[in-house]
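The values are calculated or read from the model by the stated rules, or taken from the named source; none is laboratory data. Note that the coordinates shown come from a computational prediction; the quantities given were computed from them, not determined experimentally. Counting neighbours? That spans all protein chains shown, and the Cβs are built from the backbone with ideal geometry, glycine included. Keep in mind that these areas ignore ligands, DNA and RNA; they rest on the heavy atoms of the full protein, side chains included. Shrake-Rupley method; radii C 1.70, N 1.55, O 1.52, S 1.80 Å.
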Amino acid sequence: MDWEQTTAEDGLEEWTRADDNASIRLRRRTDDQFAVRLDRLYQANEGRGYEYEVVENREAAEQLVDEWQAEAVPADETSE
């Protein structure tokens, strides 16, 4: 399923899944590390979920965003 970047501000980016039932946020913390969170709503076909990680640099944060976008596929699409 596709993801669209819905927020791009200084120090904060967010992507929303096409079905609007999941989002990923990447933000730079005051200690210059990066926080990445995945939030899946209760209404999502695969059920509610939340993940949060802090990583050392932007490259690791972007890699985590890519991984979570690839993994956060609704249950009804995994069989296709």
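Key figures
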| item | result |
| --- | --- |
| Some residue of the stretch 2-10 being at pLDDT below 95, assigned to a loop (DSSP other than H, G, I, E, B) and surrounded by fewer than 11 Cβ atoms within 10 Å (Cβ to Cβ) | yes |
| Lone qualifier among ALA72, ALA44 - being more than 25 Å from GLU9 (Cα to Cα) and modelled with pLDDT under 90 | ALA44 |
| Verdict on VAL65 being open to solvent by less than 50 Å² (accessible area, probe 1.4 Å), β-branched (Val, Ile, Thr) and either in contact with a Cys (Cβ under 9 Å, 6 or more places away or on another chain) or in a helix (DSSP H, G or I) (or both) | yes |
| Test for THR78: is it loosely packed, with under 10 Cβ neighbours inside 10 Å and at pLDDT 95 or above | no |
